[in-house]
Amino acid sequence: MDRLKITGGRALNGSVAIAGAKNASLPQIAAAILSPEPLTLTNLPAVTDIATMLDVVARHGVAVTRLSDHAVTLDAGRADPVETGYDTVRRMRATVLLLGPVMGRFGRARVSLPGGCAIGARPVDLHLKALASLGATIDIEGGMIVGEAPGGLKGARIVFGSPSVGATETAMMAATMAAGETEIVNAAREPEVVDLAACLIGMGARIEGAGTHRLLIAGGTHWKTARHDVIPDRIEAGTYAIAAAITGGTLELSHARLEHLSAIAQVLEAVGVSIWPGDRGLMVSACGPLRGVDITTEPYPGFPTDLQAQFMALMCRAEGASMIRETVFENRFMHAPELMRLGANITLQGTSALVRGGAPLRGAQVMATDLRASVCLVLAALAAEGETIINRVYHLDRGYEQLDLKLRRCGALIERLKD
């Protein structure tokens with residue numbers, strides 16, 4: 001497994017090109033199965049999760065034509081509902097997003113229960129509830145999700161107890177093929193959900209209310225050839241904004257959109273970091289002392305759980321104490337013990353973490369446990385004294401395109417070590 005060697009203490013300055021959003025790209029690749037007409041996706045990030053999902057849809061008979069490192073054409077004209085086994089999905093949870101498109105088009109599906117990062121149970125019950133509401137019969141057999149709808153899916157009213165991005169996407173994709181109209185209440189509002197809706201509309205779907213808690217989808221879609229440009233990755237943008245802050249530097253985040261980052265921008269301003277729109281995206285600068293700030297992770301438009309680990313690293317460098325509350329995933333503080341190896345003062349209590357900042361961080365050997373924990377350790381290492389070795393960085397490659405190269409271009413001393 002590759003490792004990263006980072007020598008900290010250097011301010012990051014320069015420009016970082018923000019890639020397309022991984023979490024927007026994955027459901028759009030799955031959505032290609034819905035249509036017999038070609039779908040071209042551009043601005044895809046060159047990360048391993050995207051390669052995995054392209055391999056999965058190819059196994060379903062989708063013809064994948066690579067136009068570049070960041071663009072593909074997907075032709076599902078000859079797709080079929082083959083079983084998606086555990087060996088295919090064990091690396092990534094997002095393969096559960098195949099359920100909606102495969103059920104919608106073929107009336108049956110067999111998909112293994114998903115894998116991915118070990119950050120909590122993340123049950124698929126809301127995905128299954130949505131499909132059951134649309135008339136599917138769902139069973140779990142030997143670790144497989146088995147869905148049947150011999151007479152096709154039927155439009156329905158789906159009410160989520162809590163907004164779930166994945167379940168909203170599953171319901172939305174399946175509903176485009178259901179007979180009649182589907183209403184989704186308490187739908188997720190994330191930009192990735194809105195972008196999926198835009199992609200589906202471009203393919204011929206009729207969807208109203210994207211970005212609100214209530215979606216209306218008219219079924220029986222007449223599909224057409226489509227082309228869609230994936231939105232920039234707001235989590236990558238937030239990560240590099242924190243990188244500028246934790247190192248006391250100034251970064252231009254080209255392509256980043258402030259409207260997708262309102263919660264993190266507000267928090268960074270309270271911490272003492274300046275963030276403002278530039279000619280090509282956003283500018284982020286940290287020139288003075290950092291202040292401890294309390295946060296609670298929440299569904300969009302609240303503070304994103306996918307930036308909680310990175311923010312914890314930042315708070316280790318801030319003056320005073322900060323309280324971080326995690327309300328989305330129950331096991332997402334696994335990076336805290338690794339930060340403590342670097343000298344961080346963190347007290348964990350259930351779903352809360354008290355960070356007492358200001359103490360110097362010092363380089364050490366640490367181990368990444370999941371995607372966001374990996375980049376959290378990179379950020380801490382950039383600010384630490386001396387040399388840090390980060391093990392198991394394959395997690396990083398799942399969601400960050402050329403992270404070490406981008407950081408090096410901005411002045412970081414970072415080296416990938418091949419085992």
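Readers should treat all values here as calculations from the given coordinates under stated rules, not as data from a laboratory. Only a predicted model underlies this, so the values are computations on that prediction, with no experimental measurement involved. Glycine gets a Cβ as well: all are built from the backbone with ideal geometry, and neighbour counts include every protein chain shown.
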Legend entry - Euclidean distance of C-alpha centroids, the range 356-419 and the range 170-185, integer Å: 42 Å
Legend entry - Karplus-derived 3J(HN,Hα), 6.51/-1.76/1.60, for each residue of the range 188-203, Hz, glycine and proline x: 5, 10, 4, x, 5, 5, 4, 5, 4, 4, 5, 5, 5, 4, x, 7
Legend entry - Over the chain: helical MRE at 222 nm, DSSP H runs n ≥ 4 each giving -39500 (n - 2.57), nearest 500: -9000 deg cm²/dmol
Inset, instruction - Name the residues whose placed amide hydrogens come within less than 5 Å of the amide hydrogen of Ile145, ignoring near sequence neighbours (fewer than 5 apart) on the same chain. - result: Val111, Ser112, Leu113
Legend entry - the range 1-73 versus the range 189-260: alpha-carbon centroid distance in Å: 14 Å
Legend entry - Size of electric dipole in the range 230-366: Cβ of Lys, Arg +1 and of Asp, Glu -1, about Cα centre, debye, nearest 20: 380 debye
Inset, instruction - Grab the other residues whose beta carbon is less than 12 angstrom from that of Pro289, score K and R as +1, D and E as -1, and report the net. - result: +1
Legend entry - Rounded, prolate or oblate (a/c below 1.5 giving rounded, otherwise prolate when a/b exceeds b/c) for the range 22-229 by Cα gyration tensor: rounded
Legend entry - Whole-Hz couplings from phi, Karplus 6.51/-1.76/1.60, listed for the range 211-222; x for Gly and Pro: x, 10, 7, 10, 10, 10, 10, 8, x, x, 5, 9
Inset, instruction - Take the chain, drop everything but the C-alpha atoms, weight them equally and run the Debye formula without solvent; then report log10 I(q)/I(0) at 0.06, 0.12 Å⁻¹ to two decimals. - result: -0.24, -0.94
Inset, instruction - Could you give the size of the charge dipole of the range 22-229 about its Cα centre, using +1 on the Cβ of each K and R and -1 on the Cβ of each D and E, expressed in debye and rounded to the nearest 20? - result: 100 debye
Inset, instruction - Enumerate the amide H contacts of Thr296 below 5 Å, restricted to partners 5 or more residues apart or on another chain; note that Pro and chain-start residues carry no placed amide H. - result: Arg325
Legend entry - Top positive-direction residue, dipole computed over the chain with Cβ charges, set Gly180, Leu314, Ala21: Leu314
Inset, instruction - Label the range 1-70 by shape, choosing from rounded, prolate and oblate, from the square roots a ≥ b ≥ c of the eigenvalues of the Cα gyration tensor; if a/c is under 1.5 it is rounded, and otherwise prolate applies when a/b is larger than b/c, oblate when it is not. - result: prolate
Legend entry - Among 129-136, 98-105, the order from most to least packed when residues are scored by Cβ within 10 Å on average: 98-105, 129-136
Inset, instruction - Only bridges with both residues in the range 22-229 count here: give the DSSP antiparallel percent, nearest 5. - result: 75 percent
Inset, instruction - Kindly give the semi-axes, whole Å and largest first, of the ellipsoid equivalent to the range 163-308, taking each as the square root of 5 times a Cα gyration tensor eigenvalue. - result: 36, 17, 9
